[in-house]
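Here's the structure we're looking at; comments come further down.
Bear in mind these aren't lab numbers, they're just calculated from the coordinates by the rules spelled out. Bear in mind that the values here come from a model prediction, so they are computed numbers and not experimental data. Here the Cβ positions follow ideal geometry from the backbone for every residue, glycine too, while neighbour counts run over all protein chains shown.
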Amino acid sequence: MTTEDGWLQGQQLLELLAVISSYPDEESAVHGAVERAAQALEAEVAAVVMGTSVVASVGFPAGQLPEDDLVAVTTLRRDRLTVPGVGECPVTTASWGGTHPGSLVLARWDAAFTVQEQSLVRGMARLLELTLTMLRTLERSERQAAENAELLKSLRQRQRLVEHLFDIQRAISRRRPLAQILDMITGAAQDLLGDEVVGLWLRESPEGDDAKLVAHVGLRTGVARRRPTIPLAEAGAAGQAMLTDDVVVLHGYTETSTLIAELTDGRLRASMAAPVHDSGAVSGSLMVGSHQQTRGYSASDVQTLRAFAEHVSLALTDANTVDRMYQAFHDSLTGLASRGLFLEKLAKRLGAAEHDGKRVALLFLDLDRFKAVNDSLGHAAGDDLLTITAGRLKAQLRATDVAARFGGDEFAVLLYGVATTADAVRVAERILRTLGEPMPVAGRHLRVSASIGIALSTPGMPDPADLMRRADVAMYQAKRNGRGRLEVFTDEMLLSFPTSD
Amino acid sequence: MIEPGRRWMGVARSTDGASRAAAAQAARAALTGVGPKLLIVWFAISHDPTEVLAGVRDAVPDVPLIGCSTHGEIAPGGPSDGTVVVTAIGGPGIEVTTAVAEAVSGRQREAGAEIAQCALRARADLPHRVLLMLTDGRIRDQEAILRGIYGVVGASVPLIGGAAGDGWQMEHTLVIGDDRVLVDAVVGVTIASVSPVAVAVGHGWRKTGDPMIVTGAGNGRVYTLDDRPAMDVYLDRLGAPREAYVDRDAFRDFALSRPLGVQRRSGAEARNMATEIDIEGRSIGCGTAIDHGGLAWAMTGDVDSILAATDAVCENVLAGLGGREPVGLLAFSCSALRAVLGDEGITWENERIAKWARNTPFSGFYTYGEIARVRGIDGFHNQTLAVLAIS
């Protein structure tokens with residue numbers, strides 16, 4: 001998984017929305033959506049099924065539409081589909097309810113659909129549902145030409161929704177901070193649905209019975225600021241939506257918890273909530289609430305809320321993907337780059353240095369007597385020592401430099417655009433000095449020293465392994481020469497260093 | 001019962017300046033086997049197309065024929081300009097059916113569905129098939145033609161081909177089908193065989209810098225990237241010289257070697273920004289839809305990266321034959337690549353293709369768009385090499 005995969009999620013929904021919202025009628029919107037979904041997921045076939053019939057499809061030769069098989073996929077009775085000329089393909093499907101329920105089905109030859117792709121397909125299904133509802137509203141309104149006001153209203157409503165969803169998707173694809181995106185969504189839901197209150201609740205843990213308030217509009221700020229948690233069973237529509245994985249509408253809030261009463265000043269009269277998902281599992285709900293006893297929620301309101309909830313899901317799944325990527329590439333204890341990421345960056349910087357006529361310096365650093373600390377004060381103290389070391393190391397570097405932990409007490413630093421050996425030595429001396437300051441570990445002030453080996457790239461040396469070996473040799477030389485010092489690689493060192501082969 | 005294993009392909013080129021004689025000469029020489037089933041003619045716009053057609057028919061009166069004008073012809077011995085290249089495919093176990101669609105502009109999908117009819121008429125007992133198509137390079141939104149075909153044949157038939165070129169004049173592109181010289185037309189032929197056929201496509205461009213979001217697009221054009229005029233953002237990103245901002249030719253020369261990358265699941269699709277230039281409106285376009293909301297990247301490449309892609313595409317297409325030896329390759333390489341490769345570079349490209357063809361003949365041309373649908377539903381490409389292998 002690359003960063004681009006994450007970007008793709010937001011981008012694909014945005015493209016689909018742009019495409020299907022431009023169609024004038026239901027039939028062309030459905031056909032457009034089917035093609036766009038297939039294109040986005042590089043699927044050979046895609047179809048929309050309503051009831052027991054396929055209303056649009058792409059990828060099947062004329063006269064060879066396997067209608068029964070497609071319907072069986074939507075009811076989860078099949079998880080593979082035979083595509084003529086291609087063979088057995090994995091499938092994915094997403095359904096929507098409401099007055100005209102349907103399902104989107106996709107099949108792809110080579111690879112099963114990932115969790116992120118399934119979430120994308122759900123988002124696409126939701127957008128399609130929303131578009132179809134609006135088109136039907138328009139058609140109805142057009143028939144009732146006398147009701148010009150309603151036509152105008154629904155057109156405006158549609159335009160505003162499209163604008164909001166554009167903004168949200170753009171924020172997701174640009175990787176704006178999650179909190180900011182969630183605030184955008186709650187704000188947009190309030191603008192469009194017009195209710196006094198909007199709240200986004202997320203489960204504390206995947207199986208947990210409590211939910212935490214993470215974003216809101218119109219709730220009592222003093223209480224909301226504390227990010228309160230509430231048992232699902234007491235969370236009204238928001239809790240029910242999570243428990244049933246469906247949209248829930250409630251009227252009257254006489255039985256709810258004191259927290260809800262506190263958040264809403266006891267004025268909540270009607271509410272509706274839709275579940276949100278993270279990587280496919282129910283992880284929270286988006287609720288809107290009204291102070292009006294007479295507030296009713298139309299099918300169009302339900303779909304609008306679902307669309308926003310789906311965007312919360314998209315943002316959460318995306319943020320999670322970024323987290324997972326970060327974890328895969330970074331050392332979990334210190335947050336520094338992992339060995340793999342460091343090597344990748346080193347290779348790139350060496351290539352760039354060659355191109356820009358610059359040099360790269362590689363520093364290998366090993367803490368002296370780390371094992372003794374670990375053995376005498378325990379692993380927790382050892383971990384503290386490593387974390388403090390990482391922090392001090394990073395403080396000495398520029399944004400273009402990279403620090404990594406290779407495991408144990410071994411660290412590596414990449415300095416980009418170094419002019420001479422003296423530049424690298426200056427940085428290494430600063431690092432030795434700062435690491436030499438007392439470190440507060442296990443209630444003591446430990447004094448730790450380190451050994452540093454330095455190697456500089458030379459023009460025409462694109463292989464990171466060469467530079468790594470040189471820095472490694474220099475570091476062992478430093479240790480041999482008495483610890484707490486640095487050595488710069490020279491060719492002579494190789495003579496006294498045992499080769500690995 | 002059809003006897004497998006004796007299919008053949010022959011390619012011949014004539015440098016004769018007299019169109020009819022050149023075409024006749026090449027057609028005769030291309031007949032290297034018994035039972036020809038299909039003739040394909042690629043020819044430079046310096047030739048009279050009617051005379052080319054007549055010349056082929058002088059030599060071979062009754063074998064199905066398709067062809068088109070080029071931006072350079074590809075054949076063994078190196079690429080050429082100003083020549084006629086004829087390819088013949090035949091032997092037992094291979095059959096063809098053809099289709100022509102005319103007056104395509106404005107009804108691309110419908111035209112695609114008409115072309116697809118040749119696949120429906122193909123012999124059902126021949127298990128391997130491919131639809132080879134040549135289009136007039138001036139038709140816009142060619143992806144829609146492919147969608148029209150896909151709507152009929154679905155994923156069951158791979159597509160291959162190219163859009164006719166004319167040395168960037170954008171005036172003389174044409175195709176040959178139904179024994180007529182046609183403009184605003186598409187010709188298609190379904191090749192059905194007892195033995196595997198394979199299609200591969202690829203490019204040697206790499207993304208550079210951060211992605212841009214398409215914030216304004218429509219009618220095959222991109223108006224804004226990141227909310228700024230698309231042409232300026234594109235040129236800024238690539239550090240273009242001052243002239244490229246104001247001069248049409250300077251923009252074209254700059255853009256030819258710097259396609260816009262449109263993000264897809266399996267990588268970036270390269271789009272050629274050099275053909276529909278809009279200095280006044282500051283928009284960019286390539287005749288194929290780029291949707292609002294898409295992610296786009298500036299892309300760069302060089303001779304090495306493009307030739308590496310040539311190798312990769314040829315290797316992939318041969319792998320697609322499932323261990324069978326090829327009898328020949330058809331190669332569709334983008335006209336814009338010539339700007340990057342130069343005369344020397346296209347010779348190297350030709351040598352690479354020859355190496356992979358393993359002593360079997362190959363032919364093709366420099367196109368205004370490459371057609372290759374292998375995976376998914378999309379199949380119209382820019383700045384790529386698309387290759388068909390027949391076994």
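What does the structure give for A:32-42 when I average, per residue, the other chain Cβ atoms found within 10 Å of the residue Cβ? If you can, show how the numbers build up before the last one.
Details: counts 0, 0, 1, 5, 2, 1, 5, 8, 3, 2, 7.
Rounded to a whole number, the mean comes out at 3.
Please work out the Cα center distance from the stretch A:46-107 to the stretch A:380-412, rounded to the nearest Å.
Their Cα centres are 53 Å away from one another.
Using +1 on the beta carbon of Lys and Arg, -1 on that of Asp and Glu, and nothing else charged, what's the dipole of the stretch A:339-495 about the Cα centre, debye to 20? Present the calculation step by step, with values, prior to reporting the outcome.
On the way: 23 positive and 20 negative charges, 76 e Å.
Using only the charged Cβ atoms, the result is roughly 360 debye.
Counting pairs of alpha carbon atoms under 8 Å apart in space and at least six apart in sequence, what relative contact order in percent does the stretch A:179-329 give?
So the answer I get is 23 percent.
For the stretch B:1-143, calculate the relative contact order in percent as a whole number, restricting contacts to Cα pairs under 8 Å that are 6 or more residues apart.
Working: 264 pairs, mean separation 41.4, N = 143.
Normalised by residue count, the contact order of the stretch B:1-143 is 29 percent.
How far apart, in nm, are two points set 7 Å out from the Cα along the Cα-to-Cβ line at A:Asp245 and at A:Arg225?
3.9
Starting from the Cα coordinates of chain B, work out the convex hull volume and express it per residue in Å³. Intermediate results must be reported in sequence, preceding the final value.
Details: hull volume 47.5 nm³, N = 391.
Measuring per residue, one finds 121 Å³ for the Cα hull of chain B.
Can you tell me how much longer the chain between A:His100 and A:Thr400 gets when fully stretched, taken as 0.36 nm per residue apart minus their C-alpha distance, in nm with one decimal?
On the way: separation 300, 0.36 × 300 = 108.00 nm, distance 5.47 nm.
My answer for the length gained is 102.5 nm.
Out of residues 5 or more away from B:Arg373 or on other chains, whose amide H comes under 5 Å of its own, with H placed 1.01 Å from N in the peptide plane?
B:Leu159, B:Ile160
Amide H of A:Asp278 versus every other amide H placed in the peptide plane: which residues, excluding those fewer than 5 positions away on the same chain, fall under 5 Å?
Long-range HN contacts for A:Asp278: A:Ser283.
Using modelled amide H (1.01 Å from N, peptide plane; none on Pro or chain starts), what sits under 5 Å from the amide H of B:Gly218, excluding residues fewer than 5 places away?
B:Tyr223
What spacing in nm lies between the two simple spin-label points modelled at B:Asp278 and A:Gln64, each 7 Å away from Cα in the Cβ direction?
Placing both labels 7 Å beyond Cα along the Cβ direction yields 4.0 nm.
Under a straight-distance cross-link criterion of Cα-Cα below 18 Å, which aspartates and glutamates are reachable from A:Lys371, leaving out those fewer than 8 residues away in the same chain?
Within the straight-line limit of under 18 Å, A:Lys371 reaches these aspartates and glutamates: A:Asp383, A:Asp384, A:Asp409, A:Glu410.
Would you calculate the separation in nanometres between label points at A:Glu437 and B:Arg248, each defined as 7 Å from the Cα along the Cα-to-beta-carbon direction?
6.6
What longest region of chain A stays clear of GluC sites (Glu not before Pro) that DSSP places outside H, G, I, E and B and that have at most 10 other Cβ atoms within 10 Å? Write down the numbers at each step before the final one.
Details: sites that count: A:Glu207, A:Glu255.
By the stated rule (loop sites, at most 10 other Cβ atoms within 10 Å), A:256-501.
In whole Å, what are the extents of the stretch A:179-329 along the principal axes defined by its C-alpha atoms, from largest to smallest?
Here the spans come out as 52, 31, 27 Å, largest first.
Taking the Cα centroid of the stretch B:23-84 and of the stretch A:248-318, what is the distance between the two, rounded to the nearest whole Å?
One Cα centre to the other: 69 Å.
For A:Lys345, give me every one of the lysines with a C-alpha distance below 21 angstrom, ignoring sequence neighbours fewer than eight places off in its own chain.
Within reach: A:Lys358, A:Lys394, B:Lys207.
Quick one: Karplus J couplings for the stretch A:475-488, per residue in order, coefficients 6.51, -1.76, 1.60, θ = phi - 60°, nearest Hz, x for Gly and Pro?
5, 5, 4, 4, 4, 4, 7, x, 6, x, 9, 10, 9, 9
In percent, what relative contact order does chain B have, based on Cα pairs under 8 Å that are 6 or more apart in sequence?
Dividing the mean separation by the residue count of chain B yields 20 percent.
Projected area of the protein assembly as shown, taken from the Cα convex hull and averaged over every viewing direction, in nm²?
Values: hull surface 180.4 nm².
Averaging across all directions leaves 45.1 nm² for the Cα convex hull.
Can you list the HN-Hα couplings for the stretch A:290-295, worked out from phi with the Karplus curve (6.51, -1.76, 1.60; θ = phi - 60°), rounded to whole Hz and with x for Gly and Pro?
Once θ is set to phi - 60°, the couplings for the stretch A:290-295 become 10, 7, 8, 4, 8, 5 Hz.
Give the angle, between 0 and 90 degrees and rounded to the nearest 10, that separates the Cα long axis of helix A:115-143 from the longest principal axis of the Cα atoms of chain A.
Approximately 30 degrees, to the nearest 10.
Toward the positive end of the charge dipole of the stretch B:206-300, about the Cα centre and with charges on Cβ (Lys, Arg +1; Asp, Glu -1), which of B:Gly267, B:Ile277, B:Gly239 goes farthest?
B:Gly267
Kindly provide the helix-only [θ] at 222 nm of the protein assembly as shown, computed as the sum of -39,500 (n - 2.57) over DSSP H runs of four or more divided by all residues, to the nearest 500 deg cm²/dmol? Numbers along the way, then the final one.
Numbers: 25 runs with 354 residues, N = 892.
Calculated mean residue ellipticity at 222 nm is -13000 deg cm²/dmol.
Can you sort A:Lys358, B:Lys355, A:Lys345 by how many other beta carbons sit within 10 Å, fewest first? Present the calculation step by step, with values, prior to reporting the outcome.
Values: A:Lys358 15, B:Lys355 12, A:Lys345 18.
Ordered from fewest to most neighbouring Cβ atoms within 10 Å, A:Lys358, B:Lys355, A:Lys345 come out as B:Lys355, A:Lys358, A:Lys345.
At q = 0.11, 0.15 Å⁻¹, what is the log10 ratio I(q)/I(0) for the stretch B:206-300, with the Debye formula run over Cα points and no solvent?
Results for the stretch B:206-300 at q = 0.11, 0.15 Å⁻¹ read -0.25, -0.47.
By how many nm would the segment from A:Arg156 to A:Asp375 grow when fully extended, if each residue of separation counts as 0.36 nm and the alpha-carbon distance is taken off?
On the way: separation 219, 0.36 × 219 = 78.84 nm, distance 6.97 nm.
Extra length available between A:Arg156 and A:Asp375 comes to 71.9 nm.
Could you tell me the center-to-center distance, by alpha carbons, between the stretch B:111-165 and the stretch B:170-192 in angstrom?
Cα centroid to Cα centroid, the span is 13 Å.
Rg/Rh for chain A: what does it come to with C-alpha atoms and Rh from Kirkwood? Before the final figure, lay out the partial values.
Details: Rg = 29.4 Å, Rh = 26.7 Å.
When Rh is taken as the Kirkwood radius, the ratio is 1.10.
By how many degrees, between 0 and 90 and to the nearest 10, does the Cα long axis of helix A:26-40 differ from the longest principal axis of chain A?
Roughly 20 degrees, rounded to the nearest 10.
May I ask you to list the residues of the stretch B:283-304 whose amide nitrogen lies under 20 Å from a point 7 Å from Cα along the Cα→beta-carbon direction of A:Glu354?
B:300-304
Which trypsin sites (Lys or Arg not before Pro) in the stretch A:372-453 sit in a loop by DSSP (not H, G, I, E or B) and have at most 12 other Cβ atoms within 10 Å of their own Cβ? Spell out each step's value before the answer.
Details: sites: A:Arg392, A:Lys394, A:Arg398, A:Arg405, A:Arg426, A:Arg430, A:Arg433, A:Arg444, A:Arg447; in loops: A:Arg398, A:Arg447.
Sparse-neighbourhood loop trypsin sites (Lys or Arg not before Pro): A:Arg398, A:Arg447.
So for A:Met287, A:Met468, B:Met273, A:Met184, fewest C-beta neighbours within 10 Å to most, what's the order?
Going from sparsest to densest Cβ surroundings: A:Met468, A:Met184, B:Met273, A:Met287.
How large is ³J(HN,Hα), in whole Hz, for each residue of the stretch B:262-277 in order, when computed from phi with the Karplus curve 6.51 cos²θ - 1.76 cosθ + 1.60 and θ = phi - 60°, using x for Gly and Pro?
9, 5, 10, 4, 9, x, 8, 8, 8, 10, 7, 9, 8, 9, 10, 8
Relative to the longest principal axis of the C-alpha atoms of chain A, give the angle of the C-alpha long axis of helix A:379-395, reported between 0 and 90° and rounded to the nearest 10°.
90
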